[in-house]
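The values are calculated or read from the model by the stated rules, or taken from the named source; none is laboratory data. Predicted model, so just to flag it, every value in this text is computed and none were measured. Reconstructed Cβ throughout: ideal geometry from the backbone, glycine too, with neighbour counts over all protein chains shown.
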Amino acid sequence: MSLPRNTLPANPFKHALHAGRQQIGFWCAIPSNYTSEILAGAGFDWLVLDTEHSPNELPNVFNQLQSVVGGSAEPVVRVPWNDPVTLKRFLDIGARSFLIPMVQTADEARAAVAATRYPPHGIRGYAVASRATKFGRTVDYFERCAEEMCVLVQVETIEALERVEEIAAVPGVDGVFIGPGDLSASMGLLHQPTHPDVVAAIEAGLGRIQAAGNRGGVLVGDPALAQRYMAAGSVFTAVGVDAAVFARTVDAIARQYLG
């Protein structure tokens, strides 16, 4: 009896982005595989497993990746920083879609892509018996993994937005995500992500990303504003954060009984 031999599965989220099909996502800020399993089965196209602004670490992300198998959502790991060592470790546990924070230049975008590619196209370290390769059972992993790798970079400051066409032109960048919160801070409008000036900057940025031949994305909790951003060019749109939904729902229930 021979061992099972697998071929690398497609990344439907990446291919949908490149086809221009709207991908609706949700943010998993609660570092729990129980929560991520619930969210993965809700019907979303993608799910951010956040390690930047969440008390989440690699062993737990490993459990979260296992928990979303069989759900509809592609897990997108938001790493804490554009760091090749961190990316290497998440790659080896099977992450294939990434959200890279605070990318300011085309060079930084190129570094992010290089960290996800093997030589000669990048600097990723080689490991054969990792979860990414199904412990060596995926026969075409090393030949095809770049095809199914999805790299999304975050543009989060005015300075980065000014260079968005250069960032969007980097080969291997599959999407450019505009971060409303940090962008508002860089505009002198801290904690005002829905300020008209911030909204205008995001809409203009999404249009520029689209015109540059790439795909824009954003996180937005208001349905009407989400529709505006999608109309402006957002192709991967996150529409909520689990921690915020949980907190506001609990607050509402408490008010019903406690006043």
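Say we look at segment 220-254 and pick out the residues that are out of contact with any helix residue (DSSP H, G or I) (no Cβ under 8 Å at 6 or more places or on another chain) and assigned to a strand (DSSP E or B); which of these is surrounded by the fewest Cβ atoms within 10 Å (Cβ to Cβ)? Only one residue tops the list, namely G240.
Within segment 108-130, identify whether any single residue is touching a strand residue (DSSP E or B) at 6+ places or on another chain (Cβ under 6 Å), closer than 30 Å to P193 by Cα and either at pLDDT below 95 or of a type outside the set (G, A, S) (or both), and answer yes or no. So far as segment 108-130 goes, yes, one or more of its residues are touching a strand residue (DSSP E or B) at 6+ places or on another chain (Cβ under 6 Å), closer than 30 Å to P193 by Cα and either at pLDDT below 95 or of a type outside the set (G, A, S) (or both).
For segment 213-229, the tally of residues that are basic (K, R), farther than 14 Å from A19 by Cα and in contact with a Gly (Cβ under 6 Å, 6 or more places away or on another chain) stands at 0. For N63, the criteria (1) over 21 Å from A146 (Cα atoms); (2) in contact with an Asp or Glu (Cβ under 6 Å, 6 or more places away or on another chain) hold in every case but one, which is (2). Looking across segment 172-189, the residues that are part of a loop (DSSP other than H, G, I, E, B) and touching a residue at least 24 places away in the same chain (Cβ under 8 Å) come down to G172, V173, D174, G179, M187. Exactly one residue out of I24, I30 is of a type in the set (V, I, T), crowded, with 18+ Cβ neighbours inside 10 Å and touching an Asp or Glu at 6+ places or on another chain (Cβ under 7 Å), and it is I30.
Can P75 be described as under 29 Å from E37 (Cα atoms) and touching a strand residue (DSSP E or B) at 6+ places or on another chain (Cβ under 8 Å)? When the stated conditions are applied, P75 passes them. Scanning segment 190-219 for residues being touching a residue at least 12 places away in the same chain (Cβ under 8 Å), assigned to a loop (DSSP other than H, G, I, E, B) and on the phi < 0 side of the Ramachandran plot gives a total of 5. The set of residues in segment 1-41 that are part of a loop (DSSP other than H, G, I, E, B), among the aliphatic types (A, V, I, L, M) and in contact with a strand residue (DSSP E or B) (Cβ under 7 Å, 6 or more places away or on another chain) comprises L8, A29.
Closer than 22 Å to L87 by Cβ, of a type in the set (G, A, S) and surrounded by 21 or more Cβ atoms within 10 Å (Cβ to Cβ) - does that describe any residue in segment 178-188? Taking every residue of segment 178-188 in turn, at least one turns out to be closer than 22 Å to L87 by Cβ, of a type in the set (G, A, S) and surrounded by 21 or more Cβ atoms within 10 Å (Cβ to Cβ).
Remark: pairs (first residue in segment 62-88, touching a residue at least 40 places away in the same chain (Cβ under 8 Å) and farther than 21 Å from A112 by Cα; second residue assigned to a strand (DSSP E or B) and aromatic (F, W, Y); Cβ separation under 6 Å; 6+ apart in sequence or on different chains) = A73/W46.
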